[in-house]
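A short write-up of the structure that comes next.
The values are calculated or read from the model by the stated rules, or taken from the named source; none is laboratory data. No experiment lies behind these values; they were computed from the predicted model shown. In this analysis, Cβ positions are derived from the backbone assuming ideal geometry, glycine residues included, and neighbour counts consider all displayed protein chains.
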Amino acid sequence: MQDSVDRIARPWGGRTPYDRHRPWPARVDTYLADGIAPEAVDRWVQAASILHSDGDAMDIAVKGGRIVGVRGRAVDRVNHGRLGPKDLFGWQANAAKDRLTRPLVREDGRLVETDWGTAMDRIVSRSRQLLEERGPGSIGFYTSGQLFLEEYYTLAVLARAGIGTPHLDGNTRLCTSTAAEALKEFFGCDGQPGSYDDIDHADVIALFGHNLAETQPVQWMRILDRLEGADPPRLVCVDPRPTPVARRASVHLAPRAGTNVALLNALLHEIVRTGRTDTAYIEARTVGFDELKARLASCTPRWAADICDVPAARIEEAAEVLGTADRLLSTVLQGVYQSHQATAAAVQVNNLHLIRGMLGRPGAGVLQMNGQPTAQNTRECGADGDLPGFRNWQNDEHVADLARVWNVDPGTIPHYGPPTHAMQMFRYAEQGSLRMLWISGTNPAVSLPELSRIRSILARDRLFVVAQDLFPTETAQLADVVLPAATWGEKTGTFTNADRTVHLSDKAVEPPGEARPDLDIFLDYARRMDFRDKDGAPLVTWHDPESAFEAWKRCSAGRPCDYTGLSHARLRGGSGVQWPCHDRAPEGTPRLYGAGITWAHPDACESYGKDLVTGASVEAVEYRSLNPDGKAVLKAAEYLPPHEEPGDAYPFQLTTGRTLYHFHTRTKTGRAPQLNAAAPDVWVEASAGDARSLDAHEGDLMEVATPRGLLHARLRITDIRPGLLFVPFHYGYWDTPAGHAPDATTPGRAANETTVTDWDPVSKQPLFKTAAAALRLLERAHGETSAAPTTTASAPHRPEDAPATEGGPAARVTETAGPDRSDGEGSDG
Ligand SMILES: Nc1nc2c(c(=O)[nH]1)N[C@H]1C(S)=C(S)[C@@H](COP(=O)(O)OP(=O)(O)OC[C@H]3O[C@@H](n4cnc5c(=O)[nH]c(N)nc54)[C@H](O)[C@@H]3O)O[C@H]1N2
Ligand SMILES: Nc1nc2c(c(=O)[nH]1)N[C@H]1C(S)=C(S)[C@@H](COP(=O)(O)OP(=O)(O)OC[C@H]3O[C@@H](n4cnc5c(=O)[nH]c(N)nc54)[C@H](O)[C@@H]3O)O[C@H]1N2
Ligand SMILES: [Mo]
């Protein structure tokens with residue numbers, strides 16, 4: 001059976017309903033360009049999706065040395081053949097005309113083309129000079145959640161043991177540092193407990209600040225399919241916007257932004273009050289229940305109703321659904337993580353699962369979600385503010401063990417204080433102690449908060465900026481050296497999705513011009529810097545993706561993220577595999593913590609935890625006395641109001657986030673015709689009542705302003721909660737008529753002109769979800785509508801006000817039923 005579907009108009013495609021506890025049927029989604037027939041494809045090359053954290057497995061179609069399309073891999077445990085719109089169309093950006101093909105260096109203020117030798121020499125001579133004059137603390141690396149495992153590991157080794165700097169972090173700081181922290185606070189260690197297969201078994205699925213339908217569309221297809229089968233799950237959605245998830249929810253709570261802790265405390269209060277706790281489980285597996293109970297005592301639904309502006313009865317209703325679930329699956333993402341009490345809120349979801357005994361069995365699991373495709377690897381490999389292999393920087397034995405793996409003196413690896421987080425690195429650059437910043441695979445001139453400040457830091461003469469990217473981004477424009485990178489489809493490597501599934505992504509075509517894989521660039525730098533181990537041998541002993549993977553396996557051995565049972569060869573051909581994978585679990589591990597909270601023991605844990613209000617690290621002795629046997633730590637939190645509340649000058653709350661069709665700063669999706677046409681320009685969402693009070697209508701040009709800055713955007717009136725505005729953060733300046741950042745003559749377009757330099761004290765994740773803002777009418781629409789999609793959370797309040805979002809013939813995708821997975825996996829309950 002085969003269908004042809006416009007996957008811009010119908011992003012989730014056709015339905016394949018299935019019943020609870022049954023395997024999700026396979027369906028293969030295929031998109032080939034220019035009417036190319038499948039038989040005309042020269043080869044299919046294995047890969048996985050790179051535009052979100054789902055890890056959807058796919059094959060890249062190659063014809064005449066070019067990528068001509070993609071198709072889902074039916075054999076894979078994650079997606080059973082399905083692909084989302086970004087994956088179906090996004091690959092076209094690889095062949096964009098404005099790809100960087102040669103290195104650039106700044107000469108007399110302008111970026112000019114050069115050869116690799118010249119560009120690398122500049123970086124190496126500046127590194128040497130800074131090391132000599134100012135020491136390792138003058139050099140920092142800011143990387144990504146979108147490179148490959150082999151690349152992060154190499155970067156971590158050269159930064160930590162080669163340069164010896166504590167300043168290495170990823171844009172994962174903006175993305176999943178709270179996920180990592182919530183897992184560390186609770187289980188002592190990073191590592192996702194749950195599995196996507198839990199969707200097949202759950203009777204209740206709760207999504208906290210997570211617009212799964214738009215941001216992991218394939219797992220949403222799975223939920224939609226279950227909703228149409230026998231014994232469908234009930235959905236609980238906590239989100240102030242009318243997302244597609246909210247529209248299908250049994251209970252939708254739309255709280256005031258920034259009030260998650262109050263809401264969660266009230267939900268927990270009700271579950272404790274009604275006795276829906278699993279006392280034996282709490283006793284056996286956790287510490288801290290008495291403190292939690294004491295904290296929750298006054299957190300009644302009525303109390304939370306005032307703070308969150310949600311009816312108390314609705315909170316009780318949600319608590320009833322969560323409290324009576326027999327297999328509960330929860331997911332948490334940016335509506336929780338990008339707020340002032342991010343970690344405090346995220347751990348309350350863990351609390352919910354532990355006090356109800358909802359962990360480690362099919363259908364009962366927590367997904368503290370990732371966002372980026374390879375964010376998990378940034379964390380595992382220590383390219384964020386952690387040590388590789390989830391080792392504890394406060395534990396001298398862990399540091400010594402890492403030093404043994406690298407054959408360096410433990411003193412070489414900076415561990416005298418917590419590794420520097422990204423926001424702090426920019427502060428050091430602003431203050432002048434950081435003099436070189438090497439940026440790879442991220443575009444901070446659009447994605448960090450308070451952009452006028454970020455631009456001014458990057459533009460400073462005394463800061464030497466290296467930008468390693470595919471395109472001449474807003475960040476590259478400000479760099480001193482620009483390195484052209486090869487990307488997905490042009491290089492080989494592995495990466496791990498949000499449910500610990502490791503996939504291989506093979507090289508399908510040659511990169512354009514002189515662009516090189518990030519791994520080759522880092523290896524070249526290590527060679528030129530001549531980094532040595534303690535015996536005088538080269539520090540970095542590998543030379544290609546496969547040998548880098550083998551080196552990483554040695555570093556991961558015996559740690560929670562043990563990869564020793566995997567290899568590139570093992571990952572080729574079949575399904576991705578969930579870590580840990582080693583000789584005792586050769587097929588991988590579907591769920592963590594079924595048998596106990598194994599990694600929270602004081603000797604093993606990655607972190608002793610932090611104070612949820614101040615973020616101060618707990619000391620080893622304190623942790624040992626609190627949790628000597630290594631159980632899960634139930635952590636209570638008091639609700640604290642957002643740092644910036646609406647007032648006279650800034651009467652609205654402003655939140656920012658995503659739309660289905662674009663990825664981040666649009667360097668890829670803005671260069672894919674179908675995706676770009678689906679959402680070509682920025683907009684602002686407001687409720688009908690708020691629009692009326694400003695006498696504004698669909699499509700009117702508005703100004704959105706905060707104390708940091710402003711932007712212009714066309715109005716979309718939606719069913720968003722009154723008092724709240726939403727602006728997508730995807731739109732920067734590379735495709736504006738002016739082509740550059742705002743100045744006296746051109747207005748702002750990026751959401752981050754308005755966001756605040758502030759972060760969660762525990763995870764250090766910036767607050768992109770709450771600000772106080774003013775909204776002002778600038779110009780009537782004269783018949784124009786906003787460019788917001790109508791298929792998503794930005795659907796108009798009155799559908800007749802805006803034309804339907806459609807992709808037409810160019811967006812037609814083939815959906816083929818089956819073949820079903822022959823190994824019978826994927827349903828294990
Ligand atoms: N289409 C698409 N998919 C993506 C990406 C993309 O750019 N585009 N990026 C990937 C990445 S890196 C990430 S991190 C993920 C992010 O995935 P999500 O977290 O699902 O996306 P966001 O739109 O950032 O935020 C989710 C929701 O938080 C809600 N929210 C705002 N404030 C609050 C609040 O105070 N409380 C609660 N409960 N909710 C609130 C917003 O209304 C929004 O619907 O998506 C990944 N997938
Ligand atoms: N206001 C607001 N701001 C936000 C958020 C929000 O919700 N609201 N969300 C935050 C989150 S969760 C995230 S993850 C960040 C994302 O923020 P960024 O990381 O800045 O976003 P991207 O556009 O994905 O930038 C990745 C860059 O890497 C390049 N690139 C892609 N592949 C490769 C490769 O293989 N090699 C190299 N060298 N480069 C490559 C791309 O061209 C692009 O320029 O934004 C954060 N900022
Ligand atoms: Mo993210």
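Brief remarks follow.
- Taken over segment 449-463, the residue count meeting the criterion of being in a loop (DSSP other than H, G, I, E, B) and under 23 Å from the mean Cα position of the chain (by Cα) is 2.
- Here the condition is being crowded, with 21+ Cβ neighbours inside 10 Å, under 23 Å from the mean Cα position of the chain (by Cα) and modelled with pLDDT of 95 or more; of Phe549, Phe522, it holds for Phe549 alone.
- Close pairs (9 angstrom Cβ cut-off, 6 or more residues apart or separate chains): surrounded by fewer than 22 Cβ atoms within 10 Å (Cβ to Cβ) in segment 124-149, at pLDDT 95 or above and of a type in the set (Asp, Glu) anywhere: Arg126/Asp480
- Odd one out for Glu39 among (1) without any contact (Cβ under 8 Å) to a residue 60 or more places away in the chain; (2) in a strand (DSSP E or B); (3) over 17 Å from Lys491 (Cα atoms); (4) not hydrophobic (A, V, I, L, M, F, W, C): (2)
- Identity of the residue in segment 639-660, of a type in the set (A, V, I, L, M) and surrounded by fewer than 22 Cβ atoms within 10 Å (Cβ to Cβ), that ends up farthest from ligand 1 (Cβ to nearest atom): Ala649
- Residue within segment 651-666 that is of a type in the set (S, T, N, Q), in contact with a helix residue (DSSP H, G or I) (Cβ under 8 Å, 6 or more places away or on another chain) and in a loop (DSSP other than H, G, I, E, B) present: yes
- Close pairs (9 angstrom Cβ cut-off, 6 or more residues apart or separate chains): basic (Lys, Arg) in segment 397-426, assigned to a helix (DSSP H, G or I) anywhere: Arg404/Pro410
- Within segment 226-277, being surrounded by fewer than 22 Cβ atoms within 10 Å (Cβ to Cβ) and touching a Phe, Trp or Tyr at 6+ places or on another chain (Cβ under 8 Å) holds for one residue alone: Gly229.
- Ile50 outside any loop (DSSP other than H, G, I, E, B), within 16 Å of ligand 2 (Cβ to nearest atom) and modelled with pLDDT of 95 or more: no
- Which numbered condition Val28 fails, given (1) in contact (Cβ under 8 Å) with a residue 60 or more places away in the chain; (2) assigned to a loop (DSSP other than H, G, I, E, B): (2)
- Residue that is surrounded by 24 or more Cβ atoms within 10 Å (Cβ to Cβ) and out of contact with any Pro (no Cβ under 9 Å at 6 or more places or on another chain), where the choices are Asp76, Asp59: Asp76
- Residue within segment 680-701 that is buried (at least 20 other Cβ atoms within 10 Å of the Cβ), in contact with a Gly (Cβ under 6 Å, 6 or more places away or on another chain) and either not hydroxyl-bearing (Ser, Thr, Tyr) or not assigned by TED's automatic domain parsing to the domain that holds Gly441 (or both) present: no
- Within segment 322-337, residues that are over 12 Å from Asn260 (Cβ atoms) and within 16 Å of ligand 1 (Cβ to nearest atom) have Cβ atoms under 8 Å from residues that are part of a helix (DSSP H, G or I) and hydrophobic (A, V, I, L, M, F, W, C) in these pairs: Leu322/Leu267; Leu322/Ile271; Leu322/Leu352; Leu329/Ile199; Ser330/Val349; Ser330/Leu352; Thr331/Leu212, counting only partners at least 6 apart in sequence or on another chain.
- Scanning segment 666-707 for residues that are over 18 Å from Leu654 (Cα atoms) and of a type in the set (Val, Ile, Thr) returns Thr667, Thr669.
- If you go through segment 51-74 and keep only what is among the basic types (Lys, Arg) and out of contact with any Asp or Glu (no Cβ under 7 Å at 6 or more places or on another chain), you end up with just Arg66.
- One residue from Pro472, Pro484, Pro512 being within 20 Å of Pro103 (Cα to Cα), part of a strand (DSSP E or B), in contact (Cβ under 8 Å) with a residue 60 or more places away in the chain and not assigned by TED's automatic domain parsing to the domain that holds Arg708: Pro484
- Complete set of residues in segment 382-437 that are more than 24 Å from Glu132 (Cβ to Cβ), of a type in the set (D, E, K, R) and not in a helix (DSSP H, G or I): Asp384, Asp386, Arg391
- Test: residue in segment 681-702 that is under 24 Å from the mean Cα position of the chain (by Cα), within 16 Å of ligand 3 (Cβ to nearest atom) and touching a residue at least 24 places away in the same chain (Cβ under 8 Å): no
- Restricting attention to segment 720-757, the residues being away from ligand 2 (no atom under 13 Å from the Cβ) and outside any loop (DSSP other than H, G, I, E, B) number 1.
- When each of Val446, Val408, Val466, Val481 is tested for being surrounded by 21 or more Cβ atoms within 10 Å (Cβ to Cβ), more than 25 Å from the chain's Cα centre (by Cα) and within 14 Å of ligand 2 (Cβ to nearest atom), the lone residue that passes is Val481.
- Selection over segment 326-369 of residues that are buried (at least 24 other Cβ atoms within 10 Å of the Cβ), out of contact with any His (no Cβ under 9 Å at 6 or more places or on another chain) and part of a loop (DSSP other than H, G, I, E, B) gives a count of 4.
- Test: residue in segment 686-697 that is among the basic types (Lys, Arg) and in contact with a helix residue (DSSP H, G or I) (Cβ under 6 Å, 6 or more places away or on another chain): no
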